[in-house]
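Worksheet: the structure to be examined is printed underneath.
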Amino acid sequence: MKEEWLGKFLSPWHSVGIMIQDFRNTLSYLSDEKVRSNFCPVPFMQLLFHPNGDVNPCCWNMDIRLGNVQNKSVEKIWNGPELQSLRQEFLSGEIKSCQKQIECIGCHKYFERFLSQIQVKTIQDRMPVRLDLRLSGLCNLRCIMCNVWEEPTDVYRKLNFISENNKLLDQVREIDLLGGEPFVQQESFDLLEMISKNRPQCTWAFSSNLSFELTPRLRSLFDTIQIRWFQCSLDSLKAETYPKIRVNGRLEKVLQNIDELRTIRDEKQKRGEGFRIVLTMAVQQFNWKEIPNFLKFCKDKQAEAVFQDIIHPAECALASLSLDEQAGIYEYIISSVSPEDISLYLKPIVIPLETRLKAQITQG
């Protein structure tokens with residue numbers, strides 16, 4: 001009995017000791033400038049799960065396929081040859097798989113906060129502490145630039161994934177929950193309720209269309225869990241444009257839910273648990289004139305604005321317009337948005353326009 005009690009008492013301190021030693025090992029590796037300059041912690045701390053069961057390290061390089069949960073266990077995926085090889089690249093400083101992403105996006109810097117929580121070894125003793133979960137393609141909308149709703153909806157349910165992966169979920173510290181639309185999926189509620197009970201310190205980020213009823217059950221969950229940020233894909237503030245882009249969506253309901261979400265954020269903020277609200281616009285031929293108003297709306301709602309330049313479907317993309325039309329869009333943005341806001345928010349739109357227009361001048 002005494003030994004059992006002593007073990008329970010010492011166990012957390014033992015874990016802390018291991019984490020401190022792991023961090024010392026990490027710092028030792030990063031003392032090498034060649035390793036430090038391009039080091040990414042993601043292969044040592046995260047897995048991304050797709051609706052069809054495929055697994056990747058992250059969303060920035062989907063070419064690195066680690067396996068599928070329908071024919072390989074999470075444990076085997078986590079320490080499989082693909083991920084071991086990727087870890088070795090970062091440990092040696094000889095980056096090949098993610099070189100383009102590091103140079104163009106700088107995504108290796110996004111999760112530096114995890115450097116104190118990783119093991120710098122090719123084979124990991126612990127399961128990942130961060131999960132990017134897209135457990136189902138089920139969605140209530142049919143957005144014109146998205147086909148996630150065509151993805152499977154029952155892969156993880158048939159595998160009893162949530163109940164059969166206690167080892168994975170018992171160690172997680174951060175979860176990003178995406179879809180489809182996560183809040184019309186039963187798997188999301190099962191996961192939220194399980195993690196909030198067993199891992200209350202776990203923090204969450206959500207990507208949602210907010211085009212649904214914010215039920216008392218969901219509001220209660222939001223009040224219970226720790227939220228880092230909540231992203232809503234909005235795309236338009238015009239009643240006539242919104243349903244053209246986000247087919248089956250209800251703009252009035254979304255705007256109502258954004259205000260409700262702000263109330264939840266403010267209530268949690270009083271307890272020191274506030275979170276970021278992010279509103280996104282997929283800029284395309286239908287909505288580019290809304291950019292200044294969208295930016296003002298985000299500021300008025302104390303939300304962060306994110307603008308994305310869509311590529312598909314091609315007939316909706318800005319890149320499919322004539323160069324004269326693109327030049328007009330560029331001049332409109334430059335003349336109606338401050339240089340500071342362009343630098344902060346609109347580089348993903350302005351830079352591709354500039355690149356295409358400069359290419360025309362060069363060729364001419």
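The values are calculated or read from the model by the stated rules, or taken from the named source; none is laboratory data. Just so it is clear, the structure is predicted and the values come from calculations on it, not from any experiment. Every residue, glycine among them, receives a Cβ derived from its backbone with ideal geometry; neighbour counts consider all protein chains shown. Please note that ligands, DNA and RNA were not included when accessible areas were found on the heavy atoms of the full protein model with its side chains. Shrake-Rupley method; radii C 1.70, N 1.55, O 1.52, S 1.80 Å.
For the chain, what is the charge dipole size about the Cα centre, in debye to the nearest 20, if Lys and Arg each add +1 at the Cβ and Asp and Glu each add -1 at the Cβ?
Details: 45 positive and 47 negative charges, 146 e Å.
Once rounded to the nearest 20, the dipole reads 700 debye.
Tell me, what is the percent relative contact order of segment 131-239, built from C-alpha pairs under 8 Å that lie six or more residues apart? Each step should come with its number before you reach the end.
Working: 154 pairs, mean separation 28.8, N = 109.
Here the relative contact order equals 26 percent.
Could you tell me which GluC sites (Glu not before Pro) in segment 228-271 are loop residues by DSSP with no more than 10 other beta carbons within 10 angstrom of their beta carbon? Kindly include the intermediate steps, with their values, before the conclusion.
Working: sites: E240, E252, E260, E267; in loops: E240.
Here the sparse-neighbourhood loop sites are E240.
Report the net charge of residues surrounding L323, where surrounding means a beta-carbon distance below 14 angstrom and charges are Lys +1, Arg +1, Asp -1, Glu -1. It would help to have the intermediate numbers written out before the result.
Working: positive: R356, K358; negative: D324, E325, E331, E354.
Taking every other residue near L323 into account, the sum is -2.
At R0 = 45 Å, how high is the FRET efficiency between S336 and R173 if r is their beta carbon distance? Nearest 0.05 is fine.
Details: r = 42 Å, r/R0 = 0.94.
Efficiency computed from Cβ-Cβ geometry: 0.60.
Which of the peptides 119-127, 168-176 is most tightly packed, and how do the rest follow, going by the mean number of other Cβ atoms within 10 Å of each residue? Before the final figure, lay out the partial values.
Details: 119-127: 16.0, 168-176: 18.1.
Packing order, densest peptide first, comes out as 168-176, 119-127.
How many Å² of accessible area per residue for the chain, probe 1.4 Å? Spell out each step's value before the answer.
Numbers: 18240 Å² over 364 residues.
Ligands and nucleic acids excluded, the result is 50 Å² per residue.
Any cysteines in the chain with zero other Cys Cβ atoms under 4.7 Å from their Cβ? List them, or say none.
C40, C58, C59, C98, C104, C107, C139, C202, C232, C298, C316
Report the antiparallel proportion of the DSSP beta bridges in segment 72-231 as a percent, rounded to a multiple of 5. Walk me through the numbers on the way to the answer.
Values: 0 of 13 bridges.
So the antiparallel bridges amount to about 0 percent of the total.
Find the relative contact order for segment 32-134 and round it to a whole percent, using C-alpha pairs within less than 8 Å whose residues are 6+ positions apart. Write down the numbers at each step before the final one.
Numbers: 139 pairs, mean separation 43.9, N = 103.
Computed value for segment 32-134: 43 percent relative contact order.
About its Cα centre, what dipole magnitude does segment 218-364 give when the only charges are +1 on Lys and Arg Cβ and -1 on Asp and Glu Cβ, stated in debye to the nearest 20? Working shown, then result.
On the way: 20 positive and 20 negative charges, 104 e Å.
So the magnitude is around 500 debye.
Given points 7 Å out from each Cα along the Cα-Cβ axis, report the Q285 to N52 separation in nanometres with one decimal.
Using points 7 Å along Cα→Cβ, the separation is 2.8 nm.
Could you point to the residue in M194, A205, F230 farthest towards the positive end of segment 192-324's charge dipole, with +1 and -1 charges on the Cβ of Lys/Arg and Asp/Glu respectively?
Final value for the positive-end residue is M194.
Assuming 0.36 nm per residue, please report the length gained on full extension of the stretch E213 to D190 beyond their Cα-Cα distance.
Values: separation 23, 0.36 × 23 = 8.28 nm, distance 1.80 nm.
Value of the extension gain: 6.5 nm.
Compare the Cα positions of M62, L135, L86 along the charge dipole of segment 51-142 (+1 at Cβ of Lys, Arg; -1 at Cβ of Asp, Glu; about the Cα centre) and return the one farthest towards the positive end.
It is L135, whose Cα lies furthest towards the positive end.
Relative to the present Cα-Cα distance, how much length would full extension add between L159 and H312 at 0.36 nm per residue of separation?
On the way: separation 153, 0.36 × 153 = 55.08 nm, distance 3.24 nm.
Full extension of this stretch gives 51.8 nm more.
What distance in nm lies between label points placed 7 Å from Cα along the C-beta direction at Q269 and E354?
Output for this residue pair reads 3.3 nm.
Please figure out what share of the DSSP beta bridges in the chain is antiparallel and state it in percent, rounded to the nearest 5.
DSSP beta bridges in the chain are roughly 15 percent antiparallel.
For C104, project a label point 7 Å along Cα to C-beta. Then give me every residue of segment 334-357 with its amide nitrogen under 18 Å of that point.
Only 347-357 pass the distance filter.
How much net charge surrounds V283 when only the other residues with a Cβ under 13 Å from the Cβ of V283 are counted, with Lys and Arg +1 and Asp and Glu -1?
Numbers: positive: K289, K347; negative: D235, E290, D309.
Net charge around V283: -1.
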